[in-house]
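To start, the structure itself, in C-alpha cells.
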Amino acid sequence: MRAIVGTSVEEAVRWLRQGEPVALPTETVYGLAAPLSKESAIRKIYAYKQRPAHNPLIVHVLGVESLQAIAEVTPLVQRLAERFWPGPLTFVLKKKPSVPDIVTAGQASVAVRCPSSPIFRDVLTAIQEPLVAPSANRFQQVSPTTAAHVMNNMGDVLSYILDGGACPLGLESTIVSLLDECRPMLLRDGPISWEVLQDFLKIPVGRSNAVVAEKMPHLAPGLYKRHYSPKTPLYWVDCLSTFAPSSDEERKIFQEQSVHVFLFPPLRSLQPCERVLSPWGNLEEAAANLFACLQALDEEHWRSIWIESAPQQGLGRAINDRLSRAAYVDLRKNQCP
Ligand code: TXA
Ligand code: MG
C-alpha cells in the first residue's frame, strides 16, 4: 500500500469512519489518529508504528467539555485548561471506564490534550468523538513535522495522510501528570515549559527524567531514554564553536564526512558541512526546525551528526530532552540535570 497525501478533511474522516488510521497535522507534530470508539483501528496504530502494547496513547478532544466523559476533571485541571487549551499541554488524569484499556495500556490513568491546529479541530468536529493519536513515526524514530516526513517513514503502511503544512511548534506537547493534585509532575518537557507551568500554578511542579522513567515505567510509560533517533549516529556537545576532540579517533569522526549543527548562527560564514537550527537566533525557531533538520540530514548520508546543546531553561529544556534521547554519544562536559 502507498499512502495518498491530500488536503481533504472529508476524505480523512471517511477513512477514520472505515476504521483506518489517518495521519493528521497538529501544532506540535503529525499524529496517527483513530477514533476512541474503534478498537480495531487503535490496534492498527500499534501495529503500523511497531509500538509496544505497554505504551499508552494520548486522547485528543475539542475542549474541556468533552473531558468529563473520559477523565476526572478537578478544579486544577479546569484552571490549567482555561489557561493553556487549546494548545500543546497534555494532562495525565484518572480515567473513566469509558476509555478502553488498549488506549491506556491497562493503566488507571489517561493522557488527554486539546490541540489548537485548525485542521485537526475540523476533523474532530466532523467525526464528533475524541481521537487517539501518537506521533506518526515508527517506534523510537524521529517525529514527523511535515506530511513528507510521514510519507517517508510510514507511507508504505498508511492509507491517507492529511497535509496541513509544517507543524509550527515542531516538538511534542508538554505532559504533566495531575494524578496527585498537590504535586503535579512534569513527565515530558515541551513547548509549555516547566517554568511557565510553575509560574502559573504557584506550586512546585516535580520533574521526571529519562532515568526515573526507565526505572518506574508505570509513572511515565514510553518515555524511553533512547527515542527520536536519526539513523545517522548523533554526537551531542555543549558548544560547537569551542568543542575540541579529546582523542585522534574522536577528531577523525568529528572531521570526516560529518555535519555540524549550530543552535544559532556562528560569528563567521557557514561551511558546506554546517547547518543552523535558528537563523534568527531564537529557541522557538530552533525547536520548530529540530526534527525536520534531523530528518533531512538522514537523507543526506553523512557519517555522523554533531549538534550542540540549548540553554537548560524554558523551551531549551525540551530541545535538550529530545537531543538527550536522540544522542548516540553524549560528549557534553557541562551535563545539565
Ligand atoms: O504533541 C503530542 O503530544 C503528539 C501529537 C500527535 O499530539 N503526540 C505524541 O504522542 O507525542 P506519543 O504517543 O508519541 O507520545 C505520548 C507520550 C508517550 O510517551 C506515552 O507513554 C505518554 O505520552 N503517555 C500516554 N498516556 C500516558 C499515561 N496514562 N501516563 C503517563 N504517560 C502517558
Ligand atoms: Mg512519539
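The values are calculated or read from the model by the stated rules, or taken from the named source; none is laboratory data. All figures in this text were calculated on a predicted structure; none of them were measured in a lab. Positions of Cβ are backbone-derived with ideal geometry, glycine not excepted, and every protein chain shown enters the neighbour counts. Areas reflect the complete protein model, heavy atoms only, side chains present, ligands, DNA and RNA absent. Shrake-Rupley method; radii C 1.70, N 1.55, O 1.52, S 1.80 Å.
Within the stretch 262-279, residues that are closer than 16 Å to LEU297 by Cα have Cβ atoms under 8 Å from residues that are part of a loop (DSSP other than H, G, I, E, B) and among the small types (Gly, Ala, Ser) in these pairs: PHE262/SER241; LEU263/SER278; LEU263/SER309; LEU263/ALA310, counting only partners at least 6 apart in sequence or on another chain.
So, ALA41, is that one surrounded by 18 or more Cβ atoms within 10 Å (Cβ to Cβ) and of a type outside the set (S, T, N, Q) or not?
Details: surrounded by 18 or more Cβ atoms within 10 Å (Cβ to Cβ): yes; of a type outside the set (S, T, N, Q): yes.
So ALA41 fits the description; yes.
Please determine whether any residue of the stretch 140-150 is at pLDDT below 95, within 12 Å of ligand 1 (Cβ to nearest atom), open to solvent by 30 Å² or more (accessible area, probe 1.4 Å) and assigned to a loop (DSSP other than H, G, I, E, B). Yes, there is a match, as at least one residue in the stretch 140-150 is at pLDDT below 95, within 12 Å of ligand 1 (Cβ to nearest atom), open to solvent by 30 Å² or more (accessible area, probe 1.4 Å) and assigned to a loop (DSSP other than H, G, I, E, B). Which of the following residues is more than 10 Å from ligand 1 (Cβ to nearest atom), open to solvent by 10 Å² or more (accessible area, probe 1.4 Å) and assigned by TED's automatic domain parsing to the domain that holds LYS202: VAL64, VAL92, VAL22? Going through VAL64, VAL92, VAL22 in turn, the sole match is VAL64.
Hey, among ALA47, ALA33, which residue is within 22 Å of the chain's Cα centre (by Cα), crowded, with 20+ Cβ neighbours inside 10 Å and modelled with pLDDT of 95 or more? Before you say what the answer is, go through the steps one by one.
Details: ALA47 fails: crowded, with 20+ Cβ neighbours inside 10 Å.
Answer to the selection: ALA33.
Within the stretch 167-180, at least one residue is more than 11 Å from ligand 1 (Cβ to nearest atom), within 18 Å of the chain's Cα centre (by Cα) and surrounded by fewer than 19 Cβ atoms within 10 Å (Cβ to Cβ). Scanning the stretch 183-200 for residues that are over 20 Å from LYS95 (Cβ atoms) and in a loop (DSSP other than H, G, I, E, B) yields ASP189, GLY190, PRO191, ILE192, SER193.
Results for (1) surrounded by fewer than 13 Cβ atoms within 10 Å (Cβ to Cβ); (2) of a type in the set (A, V, I, L, M); (3) over 16 Å from the mean Cα position of the chain (by Cα); (4) outside the structural domain of THR174 (by TED's automatic domain parsing), shown as yes or no for each residue.
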{"site": "ALA244", "(1), (2), (3), (4)": "yes, yes, yes, yes"}
{"site": "ASP248", "(1), (2), (3), (4)": "yes, no, yes, yes"}
{"site": "PHE254", "(1), (2), (3), (4)": "no, no, yes, yes"}
{"site": "HIS260", "(1), (2), (3), (4)": "no, no, yes, yes"}
{"site": "PHE291", "(1), (2), (3), (4)": "no, no, no, yes"}
{"site": "ASP298", "(1), (2), (3), (4)": "no, no, yes, yes"}
{"site": "ALA310", "(1), (2), (3), (4)": "no, yes, yes, yes"}
{"site": "ASP321", "(1), (2), (3), (4)": "no, no, no, yes"}
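Out of ALA69, ALA53, one residue alone is within 16 Å of ligand 1 (Cβ to nearest atom), open to solvent by 10 Å² or more (accessible area, probe 1.4 Å) and out of contact with any Leu (no Cβ under 9 Å at 6 or more places or on another chain). It is ALA53.
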